[in-house]
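Some notes on the structure that comes next.
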Amino acid sequence: MDKLLIRGGNRLSGTLPISGAKNAALTLIPCALLTEEPLTLRNVPRLADIDGFQHLMAQFGVSVSIRGKRPEDFGRVVTFEASRLTSTVAPYDLVRKMRASILVLGSLLARAGEATVSMPGGCAIGNRPIDLHLQALEAFGANIELAQGYVKATAPDGGLPGGDFDFPVVSVGATENALMAAVLANGTSRLTGAAREPEIVDLCNLLTAMGAEIEGIGTSDLTIHGVKRLNGATYKVMADRIEAGSYACAAAITGGEVRLEGADAENMISSLAALRKIGVHVEEDKSGVSIAANGALKPVDLTTAPFPGLATDMQAQLMALLCKAEGTSVLKETIFENRFMHVPELIRMGADINAEGRTAVVKGVQNLTGAEVMATDLRASMSLVIAALAAEGETQVRRIYHLDRGYERLEEKLQLVGADIERVDD
Ligand code: EPZ
């Protein structure tokens, strides 16, 4: 297992390239199942979760070809061809390693009229139920059975009729599964209370490019007119707004000046607004976002919410930044029940945080100190890296396989802007 050694104190400066969005790619890839024609995705980030999903697609008989990019480039061009499916089963040993595998449910059901997908189970940040995924598919006419830890979904002969579903809770994944099931249904489907995250817009844009008919893109009220078939397409994955927001926090905590090349400010409104309130200077243009800070950070109160609210995926990173603010900040996590796993580790680095339930009170401190810390989940790990970049002395971050799931070549990108960071074999 690898670990990261980080010696804090360097002001980050320079240009850092932003990769394609993990959470967009993970919902765009299963769209390949909706057509016999090739689907080519550009700007696919080189991440463990993406490799896992490519492996899962091969499991169904989908051909996956990675081409074009040189090894030193960030991102890849990947072509998926599902001309013929040899299986509609997503087995436990693959799904347990990558819970986003549940996102094949809707597209397998739409294409083949059946899908057998292992229940993903929970993870460090919460028990992550999939009841809304299943309720939406049932509303479209699917028959759902749960047996031996698997979801077995079947469509009536002739395919899903389609239908209406109102989400009682905003769910990104359930909205994505519902969209992929509805595009090939025999009738019109309507989703109300749907998630509006930019990754959902990216999915709707790809489906439209493939020939789907979707109204209300970008809103929580989506109408999908089912079509007989979808074509292949070539599509560029959107920039990763959470990666960009994470590196913005890293630049800010070091009092640095970093250009996030390729970041899309449109998709980062709430994170950039939070950074501006903290006193970070943010400039946006059509090809990226520039971050500058002079060391003085103001405390702010933040509450996570579904888009366009503050992304829960940015909570841990902003908390790390606020550990060095001049005053007390209050952070409320409304989406997941256990997303403060970074708190005890940040405290070991000298932070002053009191977390109770879904609220964390962060009292800014003068100095953080390097320590041996443990990554627990993807975004918590990034918050430790951010704190380490501003801590006195050396920090060792262990179990960085969590980071490799969501940050493409993190240490190389941070080295590009002057961080003293290296990956060593633990
Ligand atoms: C997606 O997860 C993201 N993952 C998460 O990013 C992100 O934190 C989350 O959306 C919220 O923005 C991917 O896109 C692969 P949800 P998802 O369904 O779809 C409850 C990261 O760090 N819920 O919107 O699983 C659920 O328990 C990851 O990149 C149900 O109750 O999130 C949670 O409290 C972490 N029943 C809330 O809804 C369901 O059927 C939001 O979950 C589904 C969800």
Value of Rg/Rh across the stretch 109-265 [Cα atoms, Kirkwood radius]: 1.05
Whole-Hz couplings from phi, Karplus 6.51/-1.76/1.60, listed for the stretch 119-130; x for Gly and Pro: 5, x, x, x, 8, 4, 8, x, 7, 6, x, 10
The stretch 5-118, relative contact order [Cα under 8 Å, separation at least 6], %: 27 percent
Fluctuation leader among Ala316, Ala233, Ala380 - the chain, Gaussian network, Cα springs under 10 angstrom: Ala233
Most mobile listed residue (Tyr235, Tyr247, Tyr407) in the chain, GNM with C-alpha springs under 10 Å: Tyr235
Fluctuation leader among Leu26, Leu416, Leu389 - the chain, Gaussian network, Cα springs under 10 angstrom: Leu416
Proximal aspartates and glutamates to Lys332, defined as alpha-carbon separation beneath 12 angstrom and excluding residues fewer than eight positions away on the same chain: Asp301, Glu356
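Could you do me a favour and compute the accessible area per residue for the chain, 1.4 Å probe, result in Å²?
Details: 15880 Å² over 426 residues.
For the chain, the per-residue accessible area is 37 Å².
Would you kindly state how much longer the chain becomes between Lys97 and Val169 on full extension, computed as 0.36 nm times their sequence separation minus their alpha carbon distance, in nm to one decimal? Each step should come with its number before you reach the end.
Values: separation 72, 0.36 × 72 = 25.92 nm, distance 2.56 nm.
Length difference between fully extended and current span is 23.4 nm.
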In nm, spacing of pseudo-spin labels at Val227 and Asn294 (7 Å Cα→C-beta vector): 5.4 nm
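How much net charge surrounds Leu146 when only the other residues with a Cβ under 14 Å from the Cβ of Leu146 are counted, with Lys and Arg +1 and Asp and Glu -1?
-2
Rounded to the nearest 500 deg cm²/dmol, what is the calculated helix-only ellipticity per residue at 222 nm for the chain, with -39500 (n - 2.57) per DSSP H run of length n ≥ 4? Write out the running numbers ahead of the final one.
Working: 14 runs with 125 residues, N = 426.
The helix-only estimate for the chain comes to -8500 deg cm²/dmol at 222 nm.
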Gain upon complete extension [Ala124, Thr192; 0.36 nm per residue less C-alpha separation]: 21.5 nm
Partners for Lys228 among lysines (Cα-Cα distance below 27 Å; same-chain residues under 8 apart left out): Lys152, Lys236
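Scan the stretch 350-426 for GluC sites (Glu not before Pro) in coil per DSSP, keeping those whose Cβ has at most 14 other Cβ atoms within 10 Å, and list them by number. Don't skip to the answer; put the middle values down first.
On the way: sites: Glu356, Glu372, Glu392, Glu394, Glu408, Glu411, Glu412, Glu422; in loops: Glu408.
Those that pass, being in a loop and sparsely packed, number zero.
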Angle in degrees between helix 198-209 and the longest Cα principal axis of the chain, rounded to the nearest 10: 30 degrees
Amide proton proximity set for Thr303, modelled H, under 5 Å, gap of 5+: Lys332
Simple label model, 7 Å out from Cα along Cβ direction - Asn143 to Asp285, nm: 6.0 nm
The chain, accessible surface, carbon-and-sulfur percent (1.4 angstrom probe): 48 percent
Relative contact order for the stretch 70-180, counting Cα pairs under 8 Å that sit 6 or more residues apart, in percent: 26 percent
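What is the chain's relative contact order, in percent, from Cα pairs under 8 angstrom and six or more apart in sequence?
Values: 1092 pairs, mean separation 90.5, N = 426.
With pairs under 8 Å counted, the relative contact order is 21 percent.
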Hz values of 3J(HN,Hα) by residue in the stretch 164-176 - Karplus curve (6.51, -1.76, 1.60), Gly and Pro given as x: 10, 9, 10, 6, x, 10, 5, 9, 4, x, 5, 5, 5
Amide H partners (placed H, <5 Å) of Lys236, local residues excluded: Arg42
Global size of the chain as Cα Rg and Dmax, reported in angstrom: 21.4, 66
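What net charge is computed for the residues neighbouring Ala115, neighbours being all others with C-beta under 13 Å from the C-beta of Ala115, Lys and Arg scored +1, Asp and Glu -1? Before the final figure, lay out the partial values.
On the way: positive: Arg111, Lys152; negative: Glu114, Glu145.
Residues near Ala115 contribute 0 overall.
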Angle between the chain longest axis and helix 48-59 axis [Cα atoms, degrees, rounded to 10]: 10 degrees
Sequence-distant residues sharing a close amide H with Glu114 (under 5 Å, placed H): Ala155
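The values are calculated or read from the model by the stated rules, or taken from the named source; none is laboratory data. None of the values given here were measured: they were computed from a predicted structure. For neighbour counting, all protein chains shown are included, and Cβ atoms are generated from backbone atoms with ideal geometry for every residue, glycine included. The protein model used for the area step is the full one, side chains on, heavy atoms only, and it has no ligands, DNA or RNA in it. Shrake-Rupley method; radii C 1.70, N 1.55, O 1.52, S 1.80 Å.
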